[in-house]
Amino acid sequence: MGPDGLPGPAVPWRKVLWEQQPFPDNYVDQRFLEELRRNEGIRQYRYWTVVKEAGFVGQQLSCVAIFITLWLYMEQGLLSPESLLWHSLVCTLLGYVLYQALTSHDESGCELRTRLADLQSATIFLSFTFGFSPVLKTLTESVSTDTVYAMSAVMLLAHLVSFPYAHPSPPGSLSLNAALFASVCLASRLPGALHTFAMLSCALLVFALWPCLLQRLRENAPGHFNALCVGVCVGGICGLGSQSPGGAVLLALALGSVTLLCPLLLVRLQRHKDNIQGPWDEAEIHEDLSHFLH
């Protein structure tokens, strides 16, 4: 019998397009589902492994909380700009020494040039920030305080959403710019120009330099990285709790959801994943075509 049910010789169907065949264009035979493949290449996640990776998200959220806490202390006059600058300088030097200690010998081939470049960049940033601090202090004088706080909240949220958690060294331009914009808005509401300079210097330390050190720790000292993430989260909750107990509770709930609940949902839902591949997929070229590019 032919494909149309009429008497005649049976013609085998072939999966070709260049040959005229007595079959409809959408015809397939019983072998169509023999090439069906399910969940090919699906990664199996382990709960505590995902929790450790989610720790970077939690500590970044805690860093934002710590920055807001420092700003609240300065706004209320409980923290002087000189004290914040000295503590920031000490933390920066200790972090830089630790960063260099974790650098492998292969990466330190141009160590002298790198240190000079880092010193030059820091000097330029601090000089320009100190010089423009009076301007930045009066930058938002014509803007209402509620608007400044709303813009800061939106920019800090954009920083958290756009932060490159997989490879945070260096931080993404969008996340870093959003954090610095929020820092400028908040610093402009502080009493003096020196307060503004101290707050922006602290913002550079928290949002630009700290992620680079954490990434180096995650690569070379995973155990210390996990302990440090836990410490930052605890410090963020305790610091925010000293100013707003309700905010500390919300931060603790957010950290618990991000670092414990979300990984659990990911692992639980992974077993229900049903991804199919078959002959209906687009063709993939696995041949190395790099020699055609020369």
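Descriptive notes on the structure:
- Exactly one residue out of Gly5, Gly41 is under 30 Å from Glu219 (Cα atoms), exposed (fewer than 11 other Cβ atoms within 10 Å of the Cβ) and modelled with pLDDT under 90: that is Gly41.
- Unmet criterion (only one of (1) modelled with pLDDT of 70 or more; (2) surrounded by fewer than 10 Cβ atoms within 10 Å (Cβ to Cβ); (3) polar (S, T, N, Q)) for Ser290: (1)
- For region 208-235, a tally of residues being polar (S, T, N, Q) and either open to solvent by 30 Å² or more (accessible area, probe 1.4 Å) or in contact with a helix residue (DSSP H, G or I) (Cβ under 8 Å, 6 or more places away or on another chain) (or both) returns 2.
- Checking Ala182 against (1) outside the structural domain of Met151 (by the TED database); (2) free of Cβ contacts under 8 Å to residues at least 60 places away in the same chain, the condition it does not meet: (1)
- Qualifying position, being open to solvent by 20 Å² or more (accessible area, probe 1.4 Å) and within 30 Å of Thr140 (Cβ to Cβ), among Leu251, Leu260, Leu200, Leu205: Leu205
- Residue within region 273-284 that is more than 20 Å from the chain's Cα centre (by Cα), β-branched (Val, Ile, Thr) and modelled with pLDDT under 75 present: no
- Cys110 satisfies every condition listed in (1) more than 24 Å from Ala178 (Cβ to Cβ); (2) modelled with pLDDT of 90 or more; (3) surrounded by fewer than 11 Cβ atoms within 10 Å (Cβ to Cβ) except (2).
- For region 119-207, the helices (runs of 4 or more DSSP H) that sit wholly inside it and include 2 or more residues that are more than 23 Å from Pro81 (Cα to Cα) are 145-162, 173-187.
- Restricting Leu17, Leu33, Leu78 to those that are open to solvent by 80 Å² or more (accessible area, probe 1.4 Å) and more than 43 Å from the chain's Cα centre (by Cα) reduces the list to Leu17.
- Residue list for region 39-52, restricted to those being part of a helix (DSSP H, G or I) and without any contact (Cβ under 8 Å) to a residue 60 or more places away in the chain: Trp48, Thr49
- Residue list for region 208-230, filter: farther than 20 Å from Leu84 by Cβ and either of a type in the set (Gly, Ala, Ser) or in contact with a Cys (Cβ under 7 Å, 6 or more places away or on another chain) (or both): Ala221, Gly223, Ala227
- Residues of region 236-248 that are surrounded by fewer than 16 Cβ atoms within 10 Å (Cβ to Cβ) and hydrophobic (A, V, I, L, M, F, W, C): Cys238 alone.
- Ala54 vs. criteria surrounded by 12 or more Cβ atoms within 10 Å (Cβ to Cβ) and either out of contact with any helix residue (DSSP H, G or I) (no Cβ under 6 Å at 6 or more places or on another chain) or under 30 Å from Leu260 (Cβ atoms) (or both): yes
The values are calculated or read from the model by the stated rules, or taken from the named source; none is laboratory data. Quick caveat, the model's predicted, so the values are computed rather than measured. Here the Cβ is made from the backbone with ideal geometry for all residues, glycine too, and neighbour counts use every protein chain on show. Accessible surface is based on the protein model in full, side chains and every heavy atom, while ligands, DNA and RNA are left aside. Shrake-Rupley method; radii C 1.70, N 1.55, O 1.52, S 1.80 Å.
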